[in-house]
1. One residue is enough: does the stretch A:89-98 have a residue meeting the conditions modelled with pLDDT of 90 or more, away from chain B (no Cβ under 12 Å) and touching a helix residue (DSSP H, G or I) at 6+ places or on another chain (Cβ under 7 Å)?
2. Tell me, which residue of the stretch A:110-134 that is facing chain B (nearest Cβ under 9 Å) and in contact (Cβ under 8 Å) with a residue 40 or more places away in the chain is surrounded by the fewest Cβ atoms within 10 Å (Cβ to Cβ)?
3. Output yes when any residue across the stretch A:146-160 is surrounded by fewer than 21 Cβ atoms within 10 Å (Cβ to Cβ) and more than 8 Å from every other protein chain (Cβ to nearest Cβ), and no when none is.
4. Scanning the stretch A:53-84 for residues that are more than 20 Å from residue A:152 (Cβ to Cβ) and touching a helix residue (DSSP H, G or I) at 6+ places or on another chain (Cβ under 8 Å), which turns out nearest to the other protein chains (Cβ to nearest Cβ)?
5. Helices (runs of 4 or more DSSP H) wholly in the stretch B:138-233 with at least 2 residues that are under 30 Å from residue A:150 (Cβ atoms) - which ones?
6. Output the qualifying pairs, or none if there are none: Cβ atoms under 6 angstrom, residues six or more apart or on different chains, first residue in the stretch A:201-222 and assigned by TED's automatic domain parsing to the domain that holds residue A:172 and free of Cβ contacts under 8 Å to residues at least 60 places away in the same chain, second residue buried (at least 22 other Cβ atoms within 10 Å of the Cβ) and part of a strand (DSSP E or B).
7. Against the condition touching a strand residue (DSSP E or B) at 6+ places or on another chain (Cβ under 9 Å) and within 13 Å of chain A (Cβ to nearest Cβ), how does residue B:153 come out, does it pass?
């Protein structure tokens, strides 16, 4: 069953089409890779899905429900959560409190939220840093914090926007394992990533965006052998 | 990098020393009017309480939620005017009028919030100033209701009776002392409760990063309005209290931009977004402004022999220093912002941490 259906979504900024007529479905439990060159409209699509902008045209259905025009907080409450390409820690709060804020999405009790937050920090391997200020963490740990915080909102669908950007290979490997572990818990994920090796390993299916349009969709093997994708990435002379 | 060792809600509990010290302080505050009979000392204490109430109220919206309102005089004025108008024009006793003021300020806050919270950052600040100015000009011009620029003078405050017995007649400053103390403690307790509840987390998440908070399921306008309503209610209580205590209000004292700025300063000087910051701010600003007003500094300079009372400088200071109130305020703020960006409280904490590290 498709947990997310994107139907003919377009987003215009003035005359610029950041997304035009993008359609695809995401099946329950899968990892969908979303790739494309810089400026292809990947983050814009995330913003349209999660309520930061209403799509100019088309519609987004989550669990069969139309999401257009819902505010991001509603979207999060319905079970769809996202991380940010540029991490957004709540800098003056402790690492634990950052995750508590996420956990409070599902409970009114701070105590319950704290227990849940510790649990999520253990999942990402950051519990030993729980008393540190979030603003002082190095980038690798900020990315993990971002994931812990968003997991604490108990999403059914998780949208990860370049969680491996700026990480060293060892840190990336940890995040890859983390994403695979999250998959095992039954959470569906859409992953934007530039690291091709990582995306090939992770994704069950891949959608390629180029200049705002969907260029290709398929399994990882189909995508790497697709001449149009190769052209978009490496140029036609290749 | 070191752990800050704290969470917003700490389970470590309070040490017995702190509890004993707190109780001793509370007892001292309760006994103060019995031991000190000087009306001036009581007056200073009442001003301290008033500043604490205003500071703590602003802190909920500005310090915790990060919405820097520079228009809090609007809520102060609504409280003050409602109480005074009801008392003078409709013979409603102030202890009922106060609650009418609270009810009205909730309506005003929701109206102002629905306009101003569409804006972010500096635009919100400007909008909050503009709205307060509209209120001031309205009070100036709605002469039938507010008596315009002449203001409202309360000739006498009716005694507070309960079932026929007179509880207090408000003839001395003592009842005001206890009311002020109770309100100040109440605002501190409410701030503590907010900080340790879901509200506190949501407020601070909005302060730190509005978009991130939004994506974590926090309804921005709901929580901003809740913060504003709590903040406005206590500011209005402070306004009512001030009006009854002083017995005279006019638009330039209770609805002025000066007052809005002063409310913000209490928090900036003491330490924004902390429970005790506004208390510290009040402890710094009230004695300072009193010293300037009564020209205590000049007297001290002359007494100490640093400046001769007959010299040109001495005469100049005697004549002008008390008017330089605002100037010295301004200089102080610049100093605090430059050297203590987290306020006196944050600065003291930093010093303590430094000393602990040296001894450790």
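1. Residues of the stretch A:89-98 that are modelled with pLDDT of 90 or more, as a first pass: A:89-98.
This time we only want the ones that are away from chain B (no Cβ under 12 Å), so: none.
Among the residues of the stretch A:89-98, not one is modelled with pLDDT of 90 or more, away from chain B (no Cβ under 12 Å) and touching a helix residue (DSSP H, G or I) at 6+ places or on another chain (Cβ under 7 Å), which makes the answer no.
2. A:133
3. Going residue by residue through the stretch A:146-160, those that are surrounded by fewer than 21 Cβ atoms within 10 Å (Cβ to Cβ) are A:154, A:156.
Pick out the ones that are also more than 8 Å from every other protein chain (Cβ to nearest Cβ) and you get A:154, A:156.
The answer is yes, given that some residue of the stretch A:146-160 is surrounded by fewer than 21 Cβ atoms within 10 Å (Cβ to Cβ) and more than 8 Å from every other protein chain (Cβ to nearest Cβ).
4. Step one: list which residues in the stretch A:53-84 are more than 20 Å from residue A:152 (Cβ to Cβ), which gives A:53-61, A:63-70.
Still in the list and also touching a helix residue (DSSP H, G or I) at 6+ places or on another chain (Cβ under 8 Å): A:53-55, A:60, A:67.
Details: A:53: 12, A:54: 15, A:55: 17, A:60: 16, A:67: 14 Å.
Here the answer is A:53.
5. Output list reads B:174-195, B:198-208, B:210-215.
6. Sorted first by the residue in the stretch A:201-222, then by its partner, the pairs are A:216/A:208.
7. no
Each row is one residue, and each column tells you yes or no for (1) in a helix (DSSP H, G or I); (2) more than 17 Å from residue B:235 (Cβ to Cβ); (3) modelled with pLDDT of 95 or more.
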{"residue": "B:68", "(1), (2), (3)": "no, no, no"}
{"residue": "B:78", "(1), (2), (3)": "yes, no, yes"}
{"residue": "B:85", "(1), (2), (3)": "yes, yes, no"}
{"residue": "B:88", "(1), (2), (3)": "yes, yes, no"}
{"residue": "B:92", "(1), (2), (3)": "no, yes, no"}
{"residue": "B:96", "(1), (2), (3)": "yes, yes, no"}
{"residue": "B:104", "(1), (2), (3)": "yes, no, yes"}
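The values are calculated or read from the model by the stated rules, or taken from the named source; none is laboratory data. This structure is a prediction, so every number in the text was calculated from the model and none was measured. Heads up, the Cβs are rebuilt from the backbone with ideal geometry, glycines too, and the neighbour counts pull from every protein chain shown.
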